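Here the structure comes first, spelled out in structure tokens, and everything after it is commentary.
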Amino acid sequence: MKLMQPFKISDEDGETLVKSARRIVTEFVKNKHKVELDEKTGAKFSFESGVFVTLNVANDLRGCVGFPLPRTLSKALPEAAIAAATGDPRFPPVSADELDGITFEVTVLTPPSEINSDDTSKIPSMIKVGRDGLIVRRSFYSGLLLPQVPIEYGWNETEFLSHTCQKAGLPEDSWRDAGTKVFSFEGIIFREESPNGRVLRHTL
């Protein structure tokens, strides 16, 4: 597996990812045609990484889908982009008329790392809001929240854990149970400043 540290992705790379996501979604929404990255771009992003594509209208979420575990980024990006626009079960599919009002965001992730502690009460001290994203798993339940989410809602580390449990469909204090697994990951975020606007690296 060819891994690349996501924080080594340049601003130019981030711009390419976001613009590619917009182009892929636009082509699919308007023409129902799935396009892939061109050969040069595909080769550049042939490394393995998790990735999420997020769509927003003003400050409201319009769709967010991705892959937390490492996959070939050049293949995962088109899948995530189309799914964010048309396959997020929380929202109806994006229409062509909406595209010019949506801002696109791409988050590239490091591989998840399990947080291990004999004393689960110490888990909040082992994560950091503004750096980490979280995954909570128990049996068939799983939930993920990206690093930017607790910043947007003003949560502390304990609240972040609780909301990730709820995202998994579990009670909010499930992270305290020995049978629940908690994973953290980091990410680098690139987003449009405005719909079709400049693409900037977003610092939490």
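Laboratory data are not the source of any read-out in this text; all were calculated from the coordinates shown. If you're wondering where the values come from, they're calculated on a predicted model, not measured in any experiment. Ideal geometry is used to build each Cβ from the backbone, glycine not excepted, and the neighbour counts take in all protein chains shown.
The GNM of the chain, with springs linking C-alpha atoms under 10 angstrom apart, assigns the highest mean-square fluctuation among S142, S125, S113 to S125. Extension gain, A96 to S117, is 2.7 nm, computed as 0.36 nm per intervening residue step minus the present C-alpha separation. Here's the picture: a label point sits 7 Å out from the Cα of D11 along the beta-carbon direction, and within segment 180-201 the residues with their amide nitrogen under 16 Å of it are 189-194, 197-201.
When the Gaussian network model of the chain links Cα atoms closer than 10 Å, the mean-square fluctuations of D100, D119, D132 top out at D119. Label reach from K44 (point 7 Å along Cα→C-beta): in segment 83-110, amide nitrogens under 20 Å belong to 104-110. Computed from the C-beta positions of R198 and E152 and an R0 of 25 Å, the FRET efficiency is 0.75 to the nearest 0.05. Okay, which of segment 129-157 sit inside 17 Å, backbone N to the point 7 Å along the Cα-Cβ direction of N59? Answer for segment 129-157: 148-155.
Quick one: longest stretch of the chain between exposed loop trypsin sites (Lys or Arg not before Pro), exposed meaning at most 10 other C-beta atoms within 10 Å and loop per DSSP? Please report the intermediate quantities before stating the final value.
Details: sites that count: K2, K32, R90, R198.
Of all site-free stretches, the longest is 91-197.
Among S121, S139, S74, the residue with the largest mean-square fluctuation in a Gaussian network model of the chain, with springs joining Cα atoms closer than 10 Å, is S139.
When you filter the chymotrypsin sites (Phe, Trp or Tyr not before Pro) in segment 113-196 for DSSP loop state and at most 11 other Cβ atoms inside 10 Å of their Cβ, you are left with F140. Only lysine pairs 8 or more places apart or on separate chains count here, and in the chain those with Cα atoms under 19 Å apart total 20.
With a ≥ b ≥ c the root eigenvalues of the C-alpha gyration tensor of the chain, is it rounded (a/c under 1.5), prolate (a/b larger than b/c) or oblate? Mind showing how you got there, number by number?
Values: a/c = 1.92, a/b = 1.61, b/c = 1.19.
Since a/c reaches 1.5 and a/b is larger than b/c, the shape of the chain is classed as prolate.
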